[in-house]
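The values are calculated or read from the model by the stated rules, or taken from the named source; none is laboratory data. Computed from a prediction, not measured in an experiment: that's the story for all the values here. No Cβ is skipped: glycine too gets one built from the backbone with ideal geometry, and neighbour counts run over all protein chains shown. Quick note on the areas: whole protein, heavy atoms, side chains included, nothing else; ligands and nucleic acids left out. Shrake-Rupley method; radii C 1.70, N 1.55, O 1.52, S 1.80 Å.
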Amino acid sequence: MKPRALAPLSLLRSVARTVPFGDAGTAELPLGRLLRLSLFQVSVGMALVLLNGTLNRVMVIELGLPVSFVAFLIALPLAVAPFRALIGQKSDHHRSIIGWRRVPYVWMGTLLQFGGFALMPFGLLVLSDHDPRTTAVGHIGLSLAFILVGAGLHMVQTAGLALATDLAPPASRPRVVALLYSMLLVGMVVSALLFGWLLRDFDATRLIRCIHAAALATFLLNTVGVWNQERRTARKPGSPEPVPTLAQSWRALDRKRHPVRLLGALALGTAAFGMQDVLLEPYGGAVFGLSVSGTTLLTALLAAGTLLAFALAARMLNRGADAHLLGALGLAAGIPAVVAMIFAGALHALWLFELGTAGIGFGGGLFAVGTLTAAMALGGSLRNGLALGLWGAVQATAAGVAIAAGGGLRDLVESPGVAALLGPALSDASAGYGVVYHVELALLFAGLAVIGPLVRLPGAEAAKLRLAEARRARAAADTVQIQS
């Protein structure tokens, strides 16, 4: 009989199992340890909100910086994204003096983020003076700060996801993926609310305090998250083992799982779901006349749909669903959602627009978890970092290109010259957004065509076995008939 002192702990564990992703913990990776490890995703979400949201507005509205320069700064972290594959491959074979592979890369990424956040306020202060003599210095300082933060968050997320994959047993990895990306959403939502509250009465001092607080929080979250997580492996005596190149590691991936096709589908699907990211709130304001709080609700609906998809994906994968099938379902769910967005503008139906927004979040969540889970199976235990680095590099690069293309296409369609060529039928405020959503539809169908051959339907393997047995039985019967 258990002591009564343990009753509250047992009750807490029972409650934890009932909440979403509460069953992600295992004997090898308990839920408490997994939640502590997921703190690196909270720090990444905080950095994304600060770069793409808070500072984006502050630099354009309060500091009066050119929009083109702000867009250049936001795009700088995406320039580091293709190197995630190299980062993951290096962490697969790295052996530090104390025997760690992933943790040194998390630490290095944390220091880069910390340095970028520490440098950032000084560049902002220099540019806030609008002195032509120091403008170049401010531009260089801010650019360097954004590159450092971008490189750091890509390094932290790649090594952190690889570490989680190393620690989690294969059966629980889908639930671990869903939990980690749920924590990324939590970090983004909490950070957005916190920064909005701290900067409600804006001044330069408050902004500096927020950025430096983000630097300190990044250091603390990542340090606590990876503390005592990775086992130390002693170096083998003698000459060190040769480290394969990135090309050799790429050739060693499991070719039976068709990595090129999977990455191609990932690029198409990510571009389809990401093209409308920068247009969602402007669409709500321009077409439906929503206020700032109303357009913020759209982002909340998108996040709610994504979170629901994470919970459903974890449950489906836990019951043996194919990861490629889950990704295809996400693409399929995005098609009616995008159609709803198109008709919402034509009909001026706000409820349909809100429904489509939640649907896009839901489809994008299913697609992200499905493709990431499939990528985890590409490399095996010795190439987890490369597989996850490839996934992150393709995903981030496709998202960045799609966001830039979506905004550019919308502006092109609504430019005076092109609008005159299109005629009065397409002179409505929703015309430019509608063209972008039609391109998204084409990308979703293309992604389905690419990922389709990888999908393993439920019961497909059993059906193949039954067909093979029937063929063998028929061949045996034919042999007996010939002999007789």
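Here are the numbers for the structure shown:
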item	result
Residue in the stretch 28-47 that is open to solvent by 70 Å² or more (accessible area, probe 1.4 Å), modelled with pLDDT under 80 and within 20 Å of A399 (Cβ to Cβ) present	no
Tabulated pairs, the stretch 104-118, first closer than 12 Å to H212 by Cβ, second assigned to a helix (DSSP H, G or I) and among the polar types (S, T, N, Q), C-beta under 8 angstrom, 6+ apart or interchain	F114/T218; F117/T218
Condition met for D131 (open to solvent by 20 Å² or more (accessible area, probe 1.4 Å), more than 15 Å from A47 (Cα to Cα) and in a helix (DSSP H, G or I))	no
Qualifying residue in the stretch 73-91 (condition: in a loop (DSSP other than H, G, I, E, B) and at pLDDT below 75)	no
Test: L163 is farther than 24 Å from F69 by Cβ and at pLDDT below 80	no
Conditions (1) buried (at least 20 other Cβ atoms within 10 Å of the Cβ); (2) basic (K, R); (3) at pLDDT 80 or above; number of the one not met by R209	(1)
Any hit, the stretch 379-386, residues being within 19 Å of G452 (Cβ to Cβ), under 18 Å from the mean Cα position of the chain (by Cα) and in contact (Cβ under 8 Å) with a residue 12 or more places away in the chain	no
Residue within the stretch 341-360 that is assigned to a helix (DSSP H, G or I), buried (at least 23 other Cβ atoms within 10 Å of the Cβ) and out of contact with any Gly (no Cβ under 8 Å at 6 or more places or on another chain) present	yes
Which numbered condition G123 fails, given (1) touching a His at 6+ places or on another chain (Cβ under 9 Å); (2) touching a residue at least 24 places away in the same chain (Cβ under 8 Å)	(2)
The listed residue being touching a Phe, Trp or Tyr at 6+ places or on another chain (Cβ under 7 Å) and closer than 19 Å to L37 by Cα, out of A164, A178	A178
Residue within the stretch 94-114 that is modelled with pLDDT under 85, small (G, A, S), part of a helix (DSSP H, G or I) and buried (at least 17 other Cβ atoms within 10 Å of the Cβ) present	no
Failed item, numbered, when F219 is tested on (1) open to solvent by 40 Å² or more (accessible area, probe 1.4 Å); (2) touching a helix residue (DSSP H, G or I) at 6+ places or on another chain (Cβ under 8 Å); (3) modelled with pLDDT under 80	(3)
Leading residue by the ranking (modelled with the highest pLDDT) among those in the stretch 222-232 that are open to solvent by less than 70 Å² (accessible area, probe 1.4 Å) and either part of a loop (DSSP other than H, G, I, E, B) or in contact with a Cys (Cβ under 8 Å, 6 or more places away or on another chain) (or both)	Q229
Residue within the stretch 376-392 that is at pLDDT 80 or above, open to solvent by 20 Å² or more (accessible area, probe 1.4 Å) and under 21 Å from L167 (Cβ atoms) present	yes
Helices (runs of 4 or more DSSP H) contained entirely in the stretch 257-335, each with at least 2 residues that are open to solvent by 30 Å² or more (accessible area, probe 1.4 Å), of a type in the set (F, W, Y) and at pLDDT 75 or above	none
